[in-house]
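In what follows, a structure is listed as structure tokens, so that the remarks can point back to it.
The values are calculated or read from the model by the stated rules, or taken from the named source; none is laboratory data. On a predicted model such as this, the values are computed, not experimentally measured, just so you know. All Cβ positions, glycine included, derive from the backbone under ideal geometry; neighbour counts span all protein chains shown. Ligands, DNA and RNA are excluded from the accessible area calculation, which covers all protein heavy atoms including side chains. Shrake-Rupley method; radii C 1.70, N 1.55, O 1.52, S 1.80 Å.
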Amino acid sequence: MTADLVIGDARQLVTLHGDPGPRVREGLRDLGVIEGGWVATRGETILAVGTRAEIKPLAGPRTRQIDASDAVVMPGFVDCHTHALFAGTREAEWVEKIEGKSYLEILRSGGGILSTVRATRAASRQQLLSIGHRYLDEMLRYGTTTAEVKTGYGLSTQDEIRMLELIRELDTEHPIDLVPTFLGAHAVPPEHRDDPSGYLDEVIEVMLPQARELAEFCDIFCDEGAFSLDDAERLFKAASRLGFGIKIHAGEFRALGGAALAARYGAVSADHLDHLAPGEAEAMARAGTVGVLLPAVNFNLRLPYPDARALIQKGVPIALATDFNPGSAPTYSMPFVLTLACLYLRLHPVEAIVAATLNAAHAVARADRVGSLVPGKQADLLVLDSPTIAHLPYLFARNPIRHVIKRGRVVV
Ligand code: NIG
Ligand code: FE
């Protein structure tokens, strides 16, 4: 069979072949690198991966060829935790934080998430689509080929469903594949200020059933200043009954037990994990719940970083994501997240790449399609301006992406 595209002679071809499950402990160092590797694609999928002798014969007269003899070739990044659909920006609050206010102080005084809710509600569909396209274009240029996107800036039935419809529309229009997550339980909106439990009732009884057709996952911000552990359990009961996959924002500010609760409900992931109660990591490891670490948040809020090495040692499959949002993490750069993960979570560059590809794909239940370069999977690949793997996180605050191939098409 003739290939449509052949990428040849990669200095290092990162395949992640082998065990298709989430990688834990020493497995996190298993990259499946082929020095001088070749990869062929046909249509939207990977046709073959191997040596020059195996792959070159698949090229015909019309096959496009990319020489990668000075480059690393790897799977596209899976950014498995973002809030990438929002209107407005919050640089004034960012300055207030530099001058000493905390994230939770700003949230309590009606700013933070709620100021983005006001801006997002006020924006038209057309405006939101065009902002969404702009950010997704940037994400693609930084190597993200699959992204989870959460709601949570609508906080009314109408506005949350509108967000899900817009995420679906962006998914069809844009090369990046989007994974929609319903986060109606992100904050209590101003109109329910004096009746937070009434708001959660609406989330569970009205929004959740309507979100079912449009969202794959259900998430909740379970933390100090947000929703309680009891709230999370009420939501998870209803969401599981409706067939949603479960996710949670847990332990960004305080250990409330959300990560262990999520593990008990078979969650695909528990995210943040800066603070964990005893036994929570073990519960996640047993359940196979992926721990999504978001070091751009720690960086931007100047908060201590979680103990990633302890999580790894306890057998938690860890993943990395940007958490791209206008408050706690105004960045869509996965390469920058990898740098932070190496320097401050003390991940080896090899571990960081596994966490940002295959394990991240598991955190959104897409590992059957993306996250590694294996024949039959989607042809989502990056050609990096990097001669070695470690060069990617090492040379920081730049864009190392030379080419992005999405479903077999060269899009960057
Ligand atoms: O993941 N923690 C809650 N939500 C986001 C922040 C969203 C915002 O500030 O707009 C987070 O950090
Ligand atoms: Fe988040």
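For K56, a cut-off of 27 angstrom between C-alpha atoms picks up these lysines, skipping any fewer than 8 places away in its own chain: K377, K406.
Phi angles across the stretch 189-197 convert, under the Karplus curve 6.51 cos²θ - 1.76 cosθ + 1.60 with θ = phi - 60°, into 3J(HN,Hα) values of x, x, 5, 10, 3, 8, 8, x, 6 Hz, Gly and Pro given as x.
Amide H to amide H, with H built 1.01 Å from N, A87 comes under 5 Å of T120, counting only residues 5 or more places away or on other chains.
Contact order normalised by length for the chain, with contacts defined as Cα pairs under 8 Å and 6 or more residues apart; what percent is it?
Values: 978 pairs, mean separation 86.7, N = 412.
Relative contact order comes out at 21 percent.
Rounded to the nearest Hz, the phi-derived 3J(HN,Hα) couplings of the stretch 298-311 under the Karplus curve 6.51 cos²θ - 1.76 cosθ + 1.60 (θ = phi - 60°) are 4, 4, 6, 8, 6, 10, x, 7, x, 8, 5, 4, 5, 4, where x marks glycine and proline. For the stretch 349-357, 3J(HN,Hα) computed residue by residue from phi via the Karplus equation (6.51, -1.76, 1.60; θ = phi - 60°) reads x, 5, 5, 5, 5, 4, 5, 9, 10 Hz, glycine and proline entered as x. Name the residues of the stretch 159-192 whose amide N is less than 16 Å from a point 7 angstrom out from the Cα of L214 along the C-beta direction? Within reach of a label on L214: 159-173, 178-186. For the stretch 332-412, a/c is not less than 1.5, where a ≥ b ≥ c are the root eigenvalues of the C-alpha gyration tensor, and a/b does not top b/c. That puts it in the oblate class. Distance between the 7 Å Cα→Cβ label points at E165 and K237: 3.2 nm.
Once the piece of chain linking E96 and S109 is laid out straight, how much longer is it, given 0.36 nm per residue of separation minus the C-alpha distance between them?
On the way: separation 13, 0.36 × 13 = 4.68 nm, distance 1.27 nm.
Stretched fully, the E96-S109 segment lengthens by 3.4 nm.
Of the accessible area of the stretch 336-387, computed with a 1.4 Å probe over protein heavy atoms only, carbon and sulfur atoms account for 56 percent. Computed per residue of the chain from DSSP H runs no shorter than four, each worth -39500 (n - 2.57), the mean residue ellipticity at 222 nm is -9500 deg cm²/dmol. With all protein chains kept in place, the per residue accessible area of the chain amounts to 38 square angstrom at a probe of 1.4 angstrom. In this structure the amide hydrogen of L294, modeled in the peptide plane, comes within under 5 Å of the amide hydrogens of H272, none closer than 5 places in sequence on its chain.
Round to the nearest 0.05 the FRET efficiency obtained for D137 and T51 when R0 = 41 Å and r is the Cβ-Cβ distance.
According to the calculation, E is roughly 0.70.
Pop out the carbon and sulfur fraction of the accessible area of the stretch 135-262 as a percent, whole number, probe 1.4 Å.
Details: 1960 of 4330 Å².
Here carbon and sulfur together make up 45 percent of the probe-accessible area.
Candidate cross-link partners of K97 among the aspartates and glutamates, defined by an alpha-carbon separation under 12 Å and a same-chain spacing of 8 or more, comprise E105.
Solvent exposure of T45, expressed as accessible area, is near 50 Å², computed with a probe of 1.4 Å over the protein chains only.
Computed extension length for E224-A365: 47.9 nm, one decimal, from 0.36 nm per residue of separation with the Cα-Cα distance subtracted. Measuring nothing but how far apart in sequence close Cα pairs (under 8 Å, 6+ apart) lie, relative to its length, the stretch 140-244 scores a relative contact order of 27 percent. Based on Cα contacts under 8 Å between residues 6+ apart, the stretch 307-412 shows a relative contact order of 23 percent. Peptides 27-38, 283-294 ranked from most to least packed, by the mean per-residue count of other Cβ atoms within 10 Å: 283-294, 27-38.
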